[in-house]
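As structure tokens, the structure follows; a few thoughts come after it.
The values are calculated or read from the model by the stated rules, or taken from the named source; none is laboratory data. Worth saying up front: this structure is predicted, and the values here are computed from it rather than measured. Backbone-built Cβ (ideal geometry, glycine too); neighbour counts: all protein chains shown.
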DNA sequence: TCTATTCACTTAAACGTTTGCGTTGGTTTT
DNA sequence: AAAACCAACGCAAACGTTTAAGTGAATAGA
């Protein structure tokens with residue numbers, strides 16, 4: 001590999017001069033600069049990121065930490081979308097991204113923080129993990145700039161999907177379409193789940209609608225089978241709901257299956273409402289009525305804020321940024337009026 | 001950050017001794033070793049990957065290059081699955097993965113190869129790109145160990161999905177179920193597409209079935225709308241096919257939509273066959289009959305072979321590895337006999 | 001008793017950069 | 001004509017490691 005030294009000797013200048021020339025310092029003559037740059041190109045010089053980072057204490061490399069319960073990793077539609085946008089945005093600023101390995105039982109494994117330190121990441125984005133995992137907490141509390149997605153810590157910038165707006169929008173839309181008997185199969189307990197559930201109840205109250213206890217069920221996120229079973233229960237109720245909310249789009253598909261197997265129709269007999277806006281849902285009939293999270297906004301905001309935190313720590317505040325999504329009308333909600 | 005030097009001065013030994021102790025060299029006394037390791041732990045020492053890589057010329061970091069036509073990046077179900085398995089496997093051996101940025105029009109961008117050299121990746125995995133892109137070719141021809149997915153170059157190890165087995169399996173299954181009028185909407189031209197198409201024709205010939213020209217149509221991969229339109233054309237034929245093959249599962253959903261909108265039923269009037277086995281398809285009714293590519297096998301094989309190439313170049317052959325998938329029976333194929 | 005050998009460590013160079021400070025020689029100021 | 005300045009470059013240290021070669025003392029072999 002050709003290094004500064006090679007260029008230096010070929011140009012009869014010192015290594016320092018070459019470095020300065022390539023970094024466009026002002027104390028190198030225009031002519032020398034041009035000559036050095038030309039030979040650098042001719043020799044196919046590529047700087048060495050490792051060497052550079054040793055001197056500058058900056059790697060221009062960001063760590064990515066994420067993993068959900070189902071261990072679906074990259075296949076998690078929502079997160080993959082957020083990450084994709086994040087990646088594009090940071091690349092614009094010259095950053096790369098590297099995964100912080102999350103295989104908890106590999107032989108030589110180290111903690112998340114140790115891994116991040118080993119690679120000297122300039123910053124880290126965290127999403128979709130167990131946020132109360134001690135290792136995650138340790139990473140968050142460290143001096144490494146961190147941005148989290150969808151979970152609030154003290155002293156950490158967070159990018160949040162607007163769950164309040166999401167549920168409000170859906171509730172309003174469903175009620176406007178004449179529904180009064182609305183059930184909610186919500187996800188496993190978490191701050192996001194609580195926010196959604198509280199908003200659900202509150203917003204229905206606004207409309208003067210009270211929800212019977214048996215209409216509120218729990219089933220894990222992204223679990224079609226769990227949603228399927230809970231839906232069967234709901235359908236067996238004497239006062240069957242006319243509309244069912246699901247924790248996410250996957251679950252909604254599980255629910256729709258239950259409805260069909262009962263010999264009922266979506267949306268004629270039971271209306272179905274999802275949450276997320278997974279891409280594939282646009283391609284499948286009936287199109288799911290759901291709230292689409294702005295994954296692009298989430299990823300972009302996360303990127304911008306993380307880079308600000310890294311490059312302009314003095315003037316950057318820790319903050320929480322809420323990103324609104326939007327209603328996606330499909331064919332799974334019946335107009336009752 | 002605490003370095004070897006800090007440990008050395010605290011233990012009253014030289015830096016070299018510390019390095020050797022931590023790397024378990026044989027020429028350090030057992031007692032000293034223990035003392036050094038203890039203080040390293042106490043001080044919270046974390047090695048510096050950059051410094052290490054400067055000396056060893058190994059980064060234990062692998063580059064990932066991929067991007068499909070639709071620019072869907074990480075959201076590409078198939079590739080995300082392969083990558084996930086790849087990631088898990090390489091992590092076992094202590095490697096990290098970093099994306100080679102693929103935004104072709106960002107300001108300070110460099111070629112794929114330059115990026116890979118800049119980060120000094122030990123190896124690179126390539127998938128889902130335009131394989132005849134000069135930049136990709138340049139990367140492949142370089143001295144960096146490379147493994148490609150689903151595309152054969154000379155002198156490059158490739159992991160291939162078994163398209164021949166896939167199409168054969170599907171054709172056999174469909175024919176066994178009594179179908180004789182089988183159409184194929186295939187993907188855009190590529191070696192994979194050609195393999196599938198040739199196998200399709202050949203295998204039907206084996207069964208004594210000839211396919212009319214108008215049964216063979218082309219539509220881009222993962223394009224539901226294109227598949228939708230081509231399906232409409234097929235359905236309007238006087239000799240309507242009883243079964244339609246699609247380039248992939250997404251396209252199949254587009255096709256199913258066309259069938260339904262024509263007032264026909266899947267599979268009663270028209271049977272539908274996909275390719276890929278995307279995860280979400282298992283959760284949606286009717287379940288798609290398709291050929292599931294073994295993404296886990298592909299990713300794992302890619303990882304193992306790339307690491308072999310890196311760590312044991314003398315004893316590792318460039319080879320092509322074919323990974324079989326398997327038939328996934330769903331509800332979209334009608335038994336005609 | 002003298003010479004090899006082994007053990008346990010140290011020395012020092014090297015990897016490829018960046019950067020504060022110094023050193024030139026030449027050009028302006030007073 | 002002396003003092004002051006500037007433009008253009010070199011010196012050398014430093015970042016945190018690894019490793020070949022060297023050193024001194026203890027042990028073993030003859």
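Per-structure values
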{"read-out": "Whichever residue in segment B:15-27 is at pLDDT 95 or above and near DNA strand C (Cβ under 7 Å from one of its atoms) and, among such residues, is nearest to the other protein chains (Cβ to nearest Cβ)", "value": "B:15"}
{"read-out": "Those residues of segment B:117-134 which are within 9 Å of chain A (Cβ to nearest Cβ) and closer than 15 Å to residue A:98 by Cβ, in sequence order", "value": "B:118, B:119, B:120"}
{"read-out": "Condition met for residue A:6 (part of a helix (DSSP H, G or I), away from DNA strand D (no atom under 13 Å from the Cβ) and touching a helix residue (DSSP H, G or I) at 6+ places or on another chain (Cβ under 9 Å))", "value": "yes"}
{"read-out": "Check on residue A:138, within 23 Å of residue A:59 (Cα to Cα) and modelled with pLDDT under 95", "value": "no"}
{"read-out": "Answer from A:30, A:34, A:80 - the residue that is without any contact (Cβ under 8 Å) to a residue 60 or more places away in the chain and assigned by TED's automatic domain parsing to the domain that holds residue A:145", "value": "A:80"}
{"read-out": "Boolean, residue A:304 is free of Cβ contacts under 8 Å to residues at least 12 places away in the same chain, in a helix (DSSP H, G or I) and assigned by TED's automatic domain parsing to the domain that holds residue A:75", "value": "no"}
{"read-out": "Exclusive hit being in contact (Cβ under 8 Å) with a residue 60 or more places away in the chain and either away from DNA strand D (no atom under 13 Å from the Cβ) or more than 14 Å from chain B (Cβ to nearest Cβ) (or both), set A:61, A:12", "value": "A:61"}
{"read-out": "Condition met for residue A:55 (without any contact (Cβ under 8 Å) to a residue 40 or more places away in the chain and buried (at least 16 other Cβ atoms within 10 Å of the Cβ))", "value": "no"}
{"read-out": "Search result, residues across segment A:28-55 that are within 12 Å of DNA strand D (Cβ to nearest atom) and within 11 Å of chain B (Cβ to nearest Cβ)", "value": "A:48, A:50, A:51, A:52, A:53, A:54, A:55"}
{"read-out": "Some residue of segment A:72-86 being within 14 Å of chain B (Cβ to nearest Cβ) and within 16 Å of DNA strand D (Cβ to nearest atom)", "value": "no"}
{"read-out": "Residue tally, condition surrounded by fewer than 17 Cβ atoms within 10 Å (Cβ to Cβ), over 19 Å from residue A:108 (Cβ atoms) and in contact with a helix residue (DSSP H, G or I) (Cβ under 8 Å, 6 or more places away or on another chain), over segment B:13-34", "value": "4"}
{"read-out": "Residue in segment B:43-62 that is away from DNA strand C (no atom under 16 Å from the Cβ), touching a strand residue (DSSP E or B) at 6+ places or on another chain (Cβ under 6 Å) and either in a loop (DSSP other than H, G, I, E, B) or closer than 30 Å to residue B:187 by Cα (or both) present", "value": "no"}
{"read-out": "Residue match in segment B:101-111 (condition: farther than 22 Å from residue B:313 by Cβ, more than 15 Å from DNA strand D (Cβ to nearest atom) and buried (at least 18 other Cβ atoms within 10 Å of the Cβ))", "value": "yes"}
{"read-out": "Count of residues meeting criterion [within 9 Å of another protein chain (Cβ to nearest Cβ) and closer than 30 Å to residue A:220 by Cβ] in segment A:89-106", "value": "8"}
